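The next block holds one structure in the form of structure tokens; read it before the comments.
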Amino acid sequence: MYLACLLAAAGLIGGAGAPAARAAGGGAAAATAATPASGGAAQKQSAERQAVLDEALKHIGKPYRSPASAPASFDCSAFAGYVFKQAVGQNLPSSSAAFASVGETITFKDARPGDILIFVNPIGSTKIDHVGILYQKSESGELRGSQVIHAISVAGGQAVLKGSPTGVVLYELGKRGDGNWQKEYFLSRHFKTIRVLP
């Protein structure tokens, strides 16, 4: 119940189990935010992974700032770093580019909640400019439709995702209000997935 109230206050859930979001202007927005999944895969995690997911959820709705002033505000790498440090005492890089040499690179097929997704800009490059924490894989096991928690900027959130909230958000990769999933900003820029927890 507490989690539901927290997410509702952040404007990220609008109904039972239905992805929803609110625009900065207060109207209905793109269906990019996601309600945390309650199915089997979300419930069967190691204690460390569950601690990471629980810590990440505490910060939904906090603003994006770069440089960050955690825990009041976050940029993408500061968010991932803060969450892992608080949850399991693990130090991660302070810049997204430095995540290139962290942990073990795995296929998304093998990814589990608590792994880290790395994104590049522009598409097709190897220039890392964003990281997020995988919360829940899609039912199909594909990247599209999987839930990620990350801190996104105004450029990444509003201009590209068509009105989704900015700051720390949880949503399904590939969802856009105009239905054009192919052009959703982060889905098309996923570069690799890394594992830093057992």
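The values are calculated or read from the model by the stated rules, or taken from the named source; none is laboratory data. Keep in mind it's a predicted model, so treat the numbers as computed, not measured. So basically every Cβ, Gly included, is an ideal-geometry build from the backbone, and we count neighbours across all protein chains shown.
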Any residue in the stretch 75-89 that is surrounded by 15 or more Cβ atoms within 10 Å (Cβ to Cβ) and assigned to a loop (DSSP other than H, G, I, E, B)?
yes
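I'm trying to understand the selection: among the residues of the stretch 90-128, which are part of a strand (DSSP E or B), within 16 Å of H190 (Cβ to Cβ) and not β-branched (V, I, T)?
Quick first cut of the stretch 90-128, residues part of a strand (DSSP E or B) only: 104-106, 116-120, 128.
Okay, now just the ones that are also within 16 Å of H190 (Cβ to Cβ), so 105-106, 116-120, 128.
Listed by number, the residues that qualify are L117, F119.
Being touching a Cys at 6+ places or on another chain (Cβ under 7 Å) and in contact (Cβ under 8 Å) with a residue 60 or more places away in the chain narrows it down to one residue among A151, A78, A111, A56; which is it?
Working: A78 fails: touching a Cys at 6+ places or on another chain (Cβ under 7 Å); A111 fails: touching a Cys at 6+ places or on another chain (Cβ under 7 Å); A56 fails: touching a Cys at 6+ places or on another chain (Cβ under 7 Å).
That would be A151, the only listed residue that is touching a Cys at 6+ places or on another chain (Cβ under 7 Å) and in contact (Cβ under 8 Å) with a residue 60 or more places away in the chain.
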Among the numbered conditions (1) farther than 25 Å from P67 by Cβ; (2) at pLDDT 90 or above; (3) part of a loop (DSSP other than H, G, I, E, B), tell me where T193 comes up short.
(3)
Quick one: count up the residues across the stretch 153-174 that are touching a helix residue (DSSP H, G or I) at 6+ places or on another chain (Cβ under 7 Å) and either acidic (D, E) or at pLDDT below 90 (or both).
5
In the set S146, S138, the lone residue that is within 25 Å of R49 (Cα to Cα), surrounded by fewer than 19 Cβ atoms within 10 Å (Cβ to Cβ), hydroxyl-bearing (S, T, Y) and modelled with pLDDT of 85 or more is S138
Report whether or not A42 is modelled with pLDDT under 95, surrounded by 14 or more Cβ atoms within 10 Å (Cβ to Cβ) and within 14 Å of A151 (Cβ to Cβ).
no
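If we scan the stretch 112-122, do we find a residue that is at positive phi, touching a strand residue (DSSP E or B) at 6+ places or on another chain (Cβ under 6 Å) and not hydroxyl-bearing (S, T, Y)?
Our first condition is that a residue be at positive phi; within the stretch 112-122, this holds for 114.
Adding the requirement that they be touching a strand residue (DSSP E or B) at 6+ places or on another chain (Cβ under 6 Å) leaves none.
For the stretch 112-122, residues at positive phi, touching a strand residue (DSSP E or B) at 6+ places or on another chain (Cβ under 6 Å) and not hydroxyl-bearing (S, T, Y): absent.
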